[in-house]
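Quick notes on the structure that follows.
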Amino acid sequence: MNLDIRNNTLYFGGINTVELAKKYNTPLYIIDEGILTDKIRDLKENFLNKYDNVKVLYASKAFLNTAICKIIKKEGIGLDVVSKGELYTALNANMNADDIIFHGNNKSIDELKMAIDNNISRIIVDSMDELEDIIYLTNKLKKTTNIMFRITPDVRGKTHDYISTGQKDSKFGIPLESIIQACKIAIDSEYINLKGLHFHTGSQLFSNESHLKALRVAFSIIEDLKDETKYTIEELNVGGGFGVFYSDDDTEMDFTHFTDEIMELCEELAKKINIKRPKIMIEPGRWIISKAGITLYEIGNIKDIKGIRKYASVDGGITDNIRPALYNASYTCMISNKADEESIEKVTICGKCCESGDVIIKDAKLPKIEKGDILTVFSTGAYNESMSSNYNKLLRPAVVMLKDSKDYLIKRREELKDLVSRDLVPEFLQNI
Ligand SMILES: Cc1ncc(COP(=O)(O)O)c(C=O)c1O
């Protein structure tokens, strides 16, 4: 994880975390460029260079910022976006439209138009309503657009309910009973080029079971469509969701644990229905960036409720990491300035927001904790900054990138004036 301990102090990416906290203040997100690019290179070695006709798209919802986009571009992989904002960030960072696909279960007309105008490589159509909108827009603009259909494969990923997406009762995707009809409409539409199918069964998965089950569902659709229309699907996007280590509850697998069997099954199923194996796309988010990130906090007030629990408050909370409150996500941590000291007490790390659920880690085992200590929480690269908020008017943290033992600010800390920068005062309140 690019961690080491020198003089009882935690170093990340070769840099003293206590010094980083002093230099940039806390809470502070840190992304190690070395870990991030190693993860991408692992994908290249074990997937992109291993198989023909495959593509990786980083799920940018995990964490997107201009510098991150530039790394994605430099490393030559693609990007999945789900909103106008993510698309804008990507295009603004000079990401090629050819390398971007556009997801989302409720894209607005504006968002679809932005995708079509900018020649985004694939729009992943999530519903029949959206298909109608795209037909309307492409006919009006007389512009051909490549689409894929997201299916709801009726497969439940083994994960928290809030991050399971492939089950029948899901807001995402086109139900199986409508998918052939959707494909036929797309095939018959003058300005739509149907490229393929997509599924994403859930996130933080440690078994490839749901991917494999969903693959069988996708291939049976491909077969039915071929039988009924002679149309052959060329591409299959099998989503992301590859699980990573956050805490001892998680057993992280090699990437090949997922992809080798996916690829093997694709070959087998394609052969069975007598088609060329479609281009296989994957969209990992957390797998690429979670471990590259840590968050630094300063410990504030400590409350020891004898016989019940010891709480240590940090200077952030659900505003910079909502995942524990949202779906019980677990994390590990260390006191940066006591990195060599024995863990002697159980401490619950809580945030400073006005919610009892504002807990980052329950019962962490730590050395004696004191006000002023710097706490490092690990594996916060994915879905922390991207889900951050201004609840209680807290200021969103800065983001620092580490590379070759040097630190670079890639997003400045919010300032108080940012909090009111969008406020407007109506005329009737102006003299108050
Ligand atoms: C469609 C889609 N693709 C990819 C991902 C990335 O998931 P993960 O970060 O678990 O790999 C998500 C996550 O929500 C998703 O909804």
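Identify the residue in segment 136-173 that is closer than 19 Å to Ile101 by Cα and in contact with an Asp or Glu (Cβ under 7 Å, 6 or more places away or on another chain) and, among all such residues, is farthest from the ligand (Cβ to nearest atom). Out of the qualifying residues, it is Met148.
Of everything listed in (1) within 16 Å of the ligand (Cβ to nearest atom); (2) under 20 Å from the mean Cα position of the chain (by Cα), the single unmet condition for Ser127 is (2). Restricting the search to strands (runs of 3 or more DSSP E) fully inside segment 1-46 and requiring at least 2 residues that are under 25 Å from the mean Cα position of the chain (by Cα) gives 28-32. Only one of the numbered conditions (1) within 16 Å of the ligand (Cβ to nearest atom); (2) over 15 Å from Asp126 (Cβ atoms) is not met by Asp188, and that is (1). Within segment 407-429, the set of residues being free of Cβ contacts under 8 Å to residues at least 12 places away in the same chain and either of a type in the set (D, E, K, R) or within 26 Å of Leu326 (Cα to Cα) (or both) comprises Lys417, Arg422, Asp423, Glu427. Counting only residues that are more than 21 Å from Leu236 (Cα to Cα), part of a loop (DSSP other than H, G, I, E, B) and not β-branched (Val, Ile, Thr), which one in segment 264-318 is most open to solvent (accessible area, probe 1.4 Å)? Selected residue: Lys306. In the set (1) within 16 Å of Ala59 (Cα to Cα); (2) away from the ligand (no atom under 16 Å from the Cβ), the condition left unmet by Glu234 is number (1).
Close Cβ contacts (under 9 Å, 6 or more residues apart or on different chains) running from residues in segment 70-81 that are away from the ligand (no atom under 13 Å from the Cβ) to residues that are assigned to a strand (DSSP E or B) and charged (D, E, K, R) comprise Ile77/Lys55.
Checking each residue in segment 192-208 for being touching a helix residue (DSSP H, G or I) at 6+ places or on another chain (Cβ under 8 Å), open to solvent by less than 10 Å² (accessible area, probe 1.4 Å) and assigned to a strand (DSSP E or B) picks out Leu194, Leu197, Gly202, Leu205. In segment 238-257 there is at least one residue that is more than 21 Å from Tyr162 (Cβ to Cβ), open to solvent by less than 10 Å² (accessible area, probe 1.4 Å) and in a helix (DSSP H, G or I).
The values are calculated or read from the model by the stated rules, or taken from the named source; none is laboratory data. Source: prediction; values computed, not measured. Don't worry about glycine lacking a Cβ; one is built from the backbone with ideal geometry, like all the others, and counts go over all protein chains shown. Ligands, DNA and RNA are excluded from the accessible area calculation, which covers all protein heavy atoms including side chains. Shrake-Rupley method; radii C 1.70, N 1.55, O 1.52, S 1.80 Å.
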